[in-house]
Amino acid sequence: MTHNRFIILGTGNAMVTRCYNTCFILQDHGQNLLVDAGGGNGILRQMEDAHVSFADIHHMFVTHAHTDHILGVIWVIRKIISMQMKGKYEGVFHIYSHEKVLGILRMMCQTMLTPKYYTNIDQTVLMHELTDGQQFCAASMEISCFDILSTKEKQFGFSALTSDGQRVACLGDEPYNEHSRPYVEGADWLLSEAFCLYNDRERFQPYEKSHSTALDTGRLAQQLGVKNLIIYHTEDKTLATRKANYSREAAQAFKGRIFVPDDLEVIDF
């Protein structure tokens with residue numbers, strides 16, 4: 001029986017229209033960690049189509065404050081507070097991130113939620129400020145967060161140790177920085193962005209946007225000695241061929257297993 005899974009809610013970069021922005025659920029023995037929420041209330045539809053109830057989401061990690069990652073969080077908060085007020089949600093909801101993200105979330109909640117919703121912040125919705133290298137427990141996992149040292153926007157990745165000893169590393173949505181090595185090297189699973197194919201780099205200009213290609217990601221996974229690679233945060237103009245072509249290109253450099261999921265795909269491990 002499989003006890004761990006990734007439920008991929010969205011796979012696209014910021015400006016996609018043919019799929020949802022990148023976000024996912026990391027599930028460990030029925031405990032769920034929601035990572036980011038995309039750019040709007042589409043997160044409600046994605047959760048519904050994934051057959052996951054917000055009543056089962058008690059922990060969330062937000063990587064950074066770009067619109068395609070944080071705007072959906074306000075909808076998650078509103079949905080959960082509404083369920084709490086109706087007696088359909090047990091316990092509290094925990095949000096983990098660095099100080100910039102939490103400051104923006106507090107501002108959004110104060111200005112966008114009605115007072116009856118906002119009074120639940122710090123009561124039934126708790127925000128936990130993280131610092132580079134901090135360790136914490138969430139959704140039955142031991143998690144270490146790290147600053148990816150982005151030059152665009154303060155962003156944290158994380159390394160999670162599941163209850164059965166597998167290590168999952170999330171690099172966020174920008175190219176790898178050596179500061180992250182202690183957290184991600186040798187991981188069982190690596191989640192990494194790839195904006196496009198290397199062969200399409202002139203068309204999509206990933207490097208000008210501080211992103212990588214599928215070939216770059218394959219090289220990185222091989223260099224870090226990880227076992228399994230999940231590629232996400234891509235363009236949406238080649239969805240029909242994305243899975244095959246991104247996998248093929250990454251496999252030129254990486255000898256482990258490669259996953260290029262579609263929205264709502266589930267990966268058991």
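The values are calculated or read from the model by the stated rules, or taken from the named source; none is laboratory data. These figures come from a predicted structure and were not determined experimentally. When we count neighbours, we look across all protein chains shown, and the Cβ atoms used for this are built from the backbone with ideal geometry, even at glycine. Note: areas computed on protein heavy atoms with side chains; ligands, DNA, RNA excluded. Shrake-Rupley method; radii C 1.70, N 1.55, O 1.52, S 1.80 Å.
Taking residue 65 as the residue in question, decide whether it is open to solvent by 10 Å² or more (accessible area, probe 1.4 Å), farther than 22 Å from residue 172 by Cβ and touching an Asp or Glu at 6+ places or on another chain (Cβ under 8 Å). Outline the logic, then answer.
Numbers: open to solvent by 10 Å² or more (accessible area, probe 1.4 Å): yes; farther than 22 Å from residue 172 by Cβ: no; touching an Asp or Glu at 6+ places or on another chain (Cβ under 8 Å): yes.
So residue 65 fails the test.
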Starting from the stretch 37-60, keep only residues that are in contact (Cβ under 8 Å) with a residue 40 or more places away in the chain, then list their pairs with residues that are among the hydroxyl-bearing types (Ser, Thr, Tyr) whose Cβ atoms are within a distance under 6 Å, requiring at least 6 positions of separation or different chains.
46/20
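Name the single residue, out of those in the stretch 195-218 being hydroxyl-bearing (Ser, Thr, Tyr) and in a loop (DSSP other than H, G, I, E, B), that is least open to solvent (accessible area, probe 1.4 Å). Talk me through it step by step, then tell me what you get.
Quick first cut of the stretch 195-218, residues hydroxyl-bearing (Ser, Thr, Tyr) only: 198, 207, 210, 212-213, 217.
Subset that is in a loop (DSSP other than H, G, I, E, B): 210, 212.
Values: 210: 32, 212: 16 Å².
Restricting to residues being hydroxyl-bearing (Ser, Thr, Tyr) and in a loop (DSSP other than H, G, I, E, B), the top hit is 212.
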Wholly enclosed strands (runs of 3 or more DSSP E) of the stretch 1-111 bearing at least 2 residues farther than 25 Å from residue 206 by Cβ and more than 18 Å from the chain's Cα centre (by Cα):
none
Answer from 152, 100 - the residue that is at pLDDT below 95 and surrounded by fewer than 17 Cβ atoms within 10 Å (Cβ to Cβ)
152
May I ask you to verify whether residue 144 is within 20 Å of residue 235 (Cα to Cα), under 16 Å from the mean Cα position of the chain (by Cα) and of a type in the set (S, T, N, Q)?
no
Which residue pairs have Cβ atoms closer than 9 Å, lie 6 or more positions apart in sequence or on different chains, and pair a first residue in the stretch 241-267 that is closer than 21 Å to residue 223 by Cα and open to solvent by less than 20 Å² (accessible area, probe 1.4 Å) with a second residue that is part of a loop (DSSP other than H, G, I, E, B) and β-branched (Val, Ile, Thr)?
246/238; 246/260; 250/260; 254/226; 260/11
Whether any residue in the stretch 110-118 is open to solvent by 60 Å² or more (accessible area, probe 1.4 Å), farther than 20 Å from residue 68 by Cα and among the aromatic types (Phe, Trp, Tyr) is what I want to check.
yes
Could you grab me the full set of residues in the stretch 43-54 that are open to solvent by less than 30 Å² (accessible area, probe 1.4 Å) and more than 15 Å from residue 261 (Cβ to Cβ)?
43, 47, 52, 54
Could you check the stretch 26-42 and list, in sequence order, the residues that are in contact with a strand residue (DSSP E or B) (Cβ under 7 Å, 6 or more places away or on another chain) and open to solvent by less than 20 Å² (accessible area, probe 1.4 Å)?
26, 28, 32, 33, 34, 35, 36, 37, 38
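So which residues in the stretch 219-239 are hydroxyl-bearing (Ser, Thr, Tyr) and either within 9 Å of residue 195 (Cα to Cα) or in a helix (DSSP H, G or I) (or both)? Can you show your working first?
Within the stretch 219-239, the subset hydroxyl-bearing (Ser, Thr, Tyr) is 232, 234, 238.
Scanning the stretch 219-239 gives 232, 234.
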Name the pairs: first residue in the stretch 209-226 and without any contact (Cβ under 8 Å) to a residue 12 or more places away in the chain, second residue open to solvent by 10 Å² or more (accessible area, probe 1.4 Å), Cβ to Cβ under 9 Å, at least 6 apart or on different chains?
223/176; 223/185; 223/253
Could you count how many residues in the stretch 71-90 are open to solvent by 90 Å² or more (accessible area, probe 1.4 Å) and closer than 13 Å to residue 106 by Cα?
1
Check on residue 140, open to solvent by 40 Å² or more (accessible area, probe 1.4 Å) and within 30 Å of residue 176 (Cα to Cα):
yes
With within 17 Å of the chain's Cα centre (by Cα) and open to solvent by 50 Å² or more (accessible area, probe 1.4 Å) as the only criterion, which of 171, 190, 161, 229 stands out?
161
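Scan the stretch 72-84 and tell me whether some residue there is in contact (Cβ under 8 Å) with a residue 60 or more places away in the chain and not hydrophobic (A, V, I, L, M, F, W, C).
If we filter the stretch 72-84 for residues that are in contact (Cβ under 8 Å) with a residue 60 or more places away in the chain, which is where we start, we get none.
Checked the stretch 72-84: no residue is in contact (Cβ under 8 Å) with a residue 60 or more places away in the chain and not hydrophobic (A, V, I, L, M, F, W, C).
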Answer yes if at least one residue in the stretch 178-194 is in contact with a Ser or Thr (Cβ under 7 Å, 6 or more places away or on another chain) and either without any contact (Cβ under 8 Å) to a residue 24 or more places away in the chain or part of a strand (DSSP E or B) (or both), and no otherwise.
yes
